[in-house]
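The values are calculated or read from the model by the stated rules, or taken from the named source; none is laboratory data. What you are looking at is a predicted structure, and each value in this text was computed from that prediction instead of being measured. Here the Cβ positions follow ideal geometry from the backbone for every residue, glycine too, while neighbour counts run over all protein chains shown.
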Amino acid sequence: MAEPNAADRPKSKSPRPLIYLWPFLRPYRGILAAAIVALLLASGAMLGLPIALKGLIDKGMAAGSAEVINGYFIAFLGVAALFGGFAAVRFYLVTWLGERVVADVRTAVYRNVVRMDPQFFEVTRTGEVLSRLTTDTTLVQSISGSGLSIALRSSINLIGSLVLLAITNLKLLSLIVVAMPVVIVPVLSLGRKLRKLSRSSQDKVADTSGLAGETLNAIQTVQAFTLEDLNTKRYAAAVQDSFDVAVVRTRVRAWLTALSTMLVFGALTLVLWFGAHQVLAGQMTGGELGQFLLLAVYAGIAAASLSEMWSEVQRAAGAMERLVELQRATPAIVAPASPVPLPNAGAGKVAGHVRFEAVRFNYPSRPDTPALDAFTLDIEPGETVAFVGPSGAGKSTTFQLLLRFYDPQQGRVLLDGVDLAHADPQAVRRRIGLVPQDTVLFGTSARENIRYGRPDASDAEVEAAARAAFADEFIRKLPDGYDTFLGERGTRLSGGQRQRIAIARAILKNPPLLLLDEATSALDAESERVVQGALETLMTDRTTIIIAHRLATVLKADRIVVMDHGRIVAIGSHEELVANNPLYARLAALQFTDGPGTG
């Protein structure tokens, strides 16, 4: 799903995107039906008041009967009690429904977003996704809960009032019908303008969220380069843009509210003036005029509410349109209709046979520069292979293809004899353990961070993995041991400690194929020694591919593959390559200290 900028997105021209709410409402149609019944009963009680008022005036006041007047006032109180009770039930049900629907929408959108491939996140800012999950779903919540209730209530009251108005005095009602286009046309015209402004306002809010998320996720870099003032100015400018659009939107909405209210009640005043003259002429009773007056007020309030709700409907439609874009976005990497299953290793055999066959791959953002070119390599089960080479050589790209975050434009990547393009990506990733150079920890406990390797693992298995990764000792020294909250991105730990948590996670997963992206780069000399021992245990009886920049991590590899510009330039042992390959000899002479590459 490509989203180069907000202006390129399709704009909602009608409330039609709200039909996408129905799949989320359908499971709760019983609640919706109960809310509608309560709404009908409350509206029925409300519409009974004008009828009671007519009787009070014509039969009680005109006759001068205190008993009749008392009876009508008791009826008024009874109707008011019924109206209040049913209104409370209706309010609870529709509010519950709105909360439930927006929770389901958020879950559905998030469920789809977390399955998107890296190409999606190359063009979609994380902050914008978060804005849609919060701001946009809140707008949808308003329309699927209280907004839906107000719209239904106002519609029923408007229709009921018009019917009773027709029964009371058809001539007066005809004047209202003639006046309706005068009210509706300007409201709809302003509503269209408001819809565009609402969509623009939501986009601006998403931009501010994206900017804030980007800087806060790199807060140490921002502070290290003393960029606080620069980023504050950038954020303030984005917030000001959002504010400016919101002010214009609010101004248009204010005009819409004022215009609709003036037109509605101006039309009603004219009609009631005509009705008063009919009473003077003896063509209708005072009670009928009172009933007509109250019904006309109902109709006016309902029409004004509907006109105001129209702007909310426009905003919610725009928000739902954006949410549907996320929910319906499809990743470029998907499981085939009939995925080829990965074979199980036989008794006593090691799985994890990797083969690259004449692979050529270009990243979508760099279509003219091959990251891998004519790359062919066969890695036997249980073998340890190290990839070395300068930055940009294509080392990390091999990991991207093995994890099937991308598919090659030419050639094949096979795992245990199965072309990854024909396999289920999740089945492939379940067979791979990754220890990245930039360790990612989550805002939860040490225990749960390790358990990400295998979510169904027991506490004992988690702790055993930590011991194997030499992480148990420092974890137990934390304030709450394994249950200590590690902070967002593991900020409460040192780099070496974070790396050992990541290694423990890979040990717990126990995969047949292990990918190590310079897994000891963040460790001091002492930690590197103990973790290297843990890695050797982890690498036993499994295929291991290492992206290496440090000499100690490749000396024990079965083969070292030297890469440059996406091609293999040499394969051999450390001694062979030092003697025969100038590129490797130069890297070895530098002790692989040219800095971590992006490969």
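Residues T384, T369, T398, T330: which one is in contact with a strand residue (DSSP E or B) (Cβ under 7 Å, 6 or more places away or on another chain) and surrounded by fewer than 18 Cβ atoms within 10 Å (Cβ to Cβ)? First the steps, then the outcome.
Working: T384 fails: surrounded by fewer than 18 Cβ atoms within 10 Å (Cβ to Cβ); T398 fails: surrounded by fewer than 18 Cβ atoms within 10 Å (Cβ to Cβ); T330 fails: in contact with a strand residue (DSSP E or B) (Cβ under 7 Å, 6 or more places away or on another chain).
Among T384, T369, T398, T330, only T369 is in contact with a strand residue (DSSP E or B) (Cβ under 7 Å, 6 or more places away or on another chain) and surrounded by fewer than 18 Cβ atoms within 10 Å (Cβ to Cβ).
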Can you go through A502, A446, A427 and tell me which one is under 27 Å from the mean Cα position of the chain (by Cα) and farther than 30 Å from E380 by Cβ? A446
Give me the helices (runs of 4 or more DSSP H) completely within segment 473-585, filtered to those with at least 2 residues that are surrounded by fewer than 19 Cβ atoms within 10 Å (Cβ to Cβ), at pLDDT 80 or above and not basic (K, R), ordered by residue number. 574-580
When residues of segment 82-102 are limited to those that are under 25 Å from L49 (Cα atoms) and aliphatic (A, V, I, L, M), the one surrounded by the fewest Cβ atoms within 10 Å (Cβ to Cβ): A88
Going through segment 430-443 in order, the residues found to be surrounded by 16 or more Cβ atoms within 10 Å (Cβ to Cβ) and not aliphatic (A, V, I, L, M) are R431, G433, P436, Q437, T439
Taking the condition at pLDDT below 85 and under 30 Å from M563 (Cα atoms), does A337 pass? no
Inspect segment 55-63 for any residue being surrounded by 18 or more Cβ atoms within 10 Å (Cβ to Cβ), modelled with pLDDT under 65 and more than 29 Å from A317 (Cα to Cα) and give the result as yes or no. yes
Could you please find all residues in segment 76-118 being part of a helix (DSSP H, G or I), over 25 Å from S149 (Cβ atoms) and either among the β-branched types (V, I, T) or at pLDDT below 75 (or both)? V113
